[in-house]
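Shown next, in structure tokens, is the structure this report addresses.
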Amino acid sequence: MHILLLGKTGQIGWELQRTLAPLGKITDLGRSDLDLTDQWAIRSSVRSLKPDLIVNAAAYTSVDEAEKEEDLAMAINGIAPGILAEESALIKAALVHYSTDYVFDGKKGEPYTEQDKPNPLSIYGKTKLAGEEAIRQIGIPHLILRTGWIYGLRGKNFLLTMKRLASERDELAIVNDQYGAPTWCRQVAESTALLIAREPFKKTGMDGIFHLTAAGETTWFGFVEAIFKQNNQVKSCKPAIRPIETKDYPTLAPRPSYSVLDNSRISKYHSIAMPGWNKQLELALG
């Protein structure tokens, strides 16, 4: 199988380079290799490479900056996935794409299923939802994997920011009224590889949107507590952490207060069971 992997330098994309390697030939492209705002460059790359499967781990992920760069975010998150789907149809390829918990408004107050109606609050969420809809309209074999609160051991993410701030500050004020499921990017990549190896999503009724996050839920404050408790690097310089409300930490983009996703469907149809968020953190820091 020939797999075209986009977003090779991102958190999930970096891990996918390793987890997808046993499945066939991998052509991995990053931002410097392919400009996802250039529609003809996307089409040309797909037509020349003719992969059997496209895995799109590329995205515009700066939630707050998207409020100021809506056109750029829409080009990468909303328009490019649709073009990938169109080109996949032409060469009879399948497509795996990642979306976000931020397509929901957080008002439900309990884990969201794939049947719940999205209502994104932010430009980022709206552009990611546009990408989902563009792919679904084409009608190719596809998986759209919604995940959220992604972290890893490289790049820029909440975990690494907290580890850095632990050595710089005596006290940290952390939001304690937004709920989600912190998810290790490696777990997402490993689950993706399992799905692709089985190729079940090419069967009628087994493709479409699936939620793929860590099990359980916590707040950003609870996540920081767990990071400091489990990570030896910050134990010696552990700052005090103080819970605050969202209104005390204003951001450009509004966040859903509750964006926990229900993973039951991917467990039922694909036998994928993600560990709890605390276990994932333990594995990542271990």
Handout entry: Hey, ALA85 assigned to a loop (DSSP other than H, G, I, E, B) and either touching a Gly at 6+ places or on another chain (Cβ under 6 Å) or within 21 Å of ILE196 (Cα to Cα) (or both) or not
Key = no
Fill in the blank from the handout: All-but-one check, ARG31 against (1) in a loop (DSSP other than H, G, I, E, B); (2) of a type in the set (D, E, K, R); (3) closer than 27 Å to ALA197 by Cβ, failing number (3)
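Quick one: would you say GLU15 is of a type in the set (D, E, K, R), touching a Cys at 6+ places or on another chain (Cβ under 6 Å) and either on the phi < 0 side of the Ramachandran plot or not in a helix (DSSP H, G or I) (or both)? It would help to see each step written out before you state the result.
On the way: of a type in the set (D, E, K, R): yes; touching a Cys at 6+ places or on another chain (Cβ under 6 Å): yes; either on the phi < 0 side of the Ramachandran plot or not in a helix (DSSP H, G or I) (or both): yes.
Criteria met by GLU15.
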Practice task
Just give me the residues in the range 35-56 being crowded, with 19+ Cβ neighbours inside 10 Å and either farther than 23 Å from ALA189 by Cα or not polar (S, T, N, Q) (or both), in sequence order.
Solution key: LEU36, ILE42, SER45, VAL46, PRO51, LEU53, ILE54, VAL55
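Hey, can you tell me all the residues within the range 94-125 that are of a type in the set (Lys, Arg) and free of Cβ contacts under 8 Å to residues at least 24 places away in the same chain?
Pass one, the range 94-125, residues of a type in the set (Lys, Arg): 107-108, 117.
Of everything in the range 94-125, just one residue is of a type in the set (Lys, Arg) and free of Cβ contacts under 8 Å to residues at least 24 places away in the same chain, namely LYS117.
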Practice task
From the list ILE196, ILE209, pick out the single residue that is within 18 Å of the chain's Cα centre (by Cα) and over 29 Å from LEU121 (Cβ atoms).
Solution key: ILE196
Completion exercise
Inside the range 236-281, the number of residues satisfying the requirement of being closer than 13 Å to ALA226 by Cα and either at pLDDT 95 or above or of a type in the set (Val, Ile, Thr) (or both) is 7
Practice task
Hey, could you check the range 233-286 for residues that are within 25 Å of SER122 (Cβ to Cβ), assigned to a strand (DSSP E or B) and among the hydrophobic types (A, V, I, L, M, F, W, C) and say which is farthest from the chain's Cα centre (by Cα)?
Solution key: ILE244
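Any chance you could count how many residues in the range 34-69 are in a loop (DSSP other than H, G, I, E, B) and within 23 Å of the chain's Cα centre (by Cα)? If you could, list the steps in order and put the result at the bottom.
Taking the range 34-69 first, the residues in a loop (DSSP other than H, G, I, E, B) are 34-38, 50-52, 57-64, 68-69.
After this cut, where a residue has to be within 23 Å of the chain's Cα centre (by Cα) as well, the list is 34-38, 51-52, 57-64, 68-69.
Residues meeting the conditions: 17.
Of all helices (runs of 4 or more DSSP H) completely enclosed by the range 113-227, which ones contain at least 2 residues that are polar (S, T, N, Q)? Outline the logic, then answer.
Values: elements: 123-138, 158-166, 185-198.
Of the helices (runs of 4 or more DSSP H) lying wholly inside the range 113-227, those with at least 2 residues that are polar (S, T, N, Q) span 123-138, 185-198.
The values are calculated or read from the model by the stated rules, or taken from the named source; none is laboratory data. Fair warning: this is a prediction, and the values are worked out from it, not measured in the lab. Cβ: placed from backbone, ideal geometry, glycine included. Neighbour counts: every protein chain shown.
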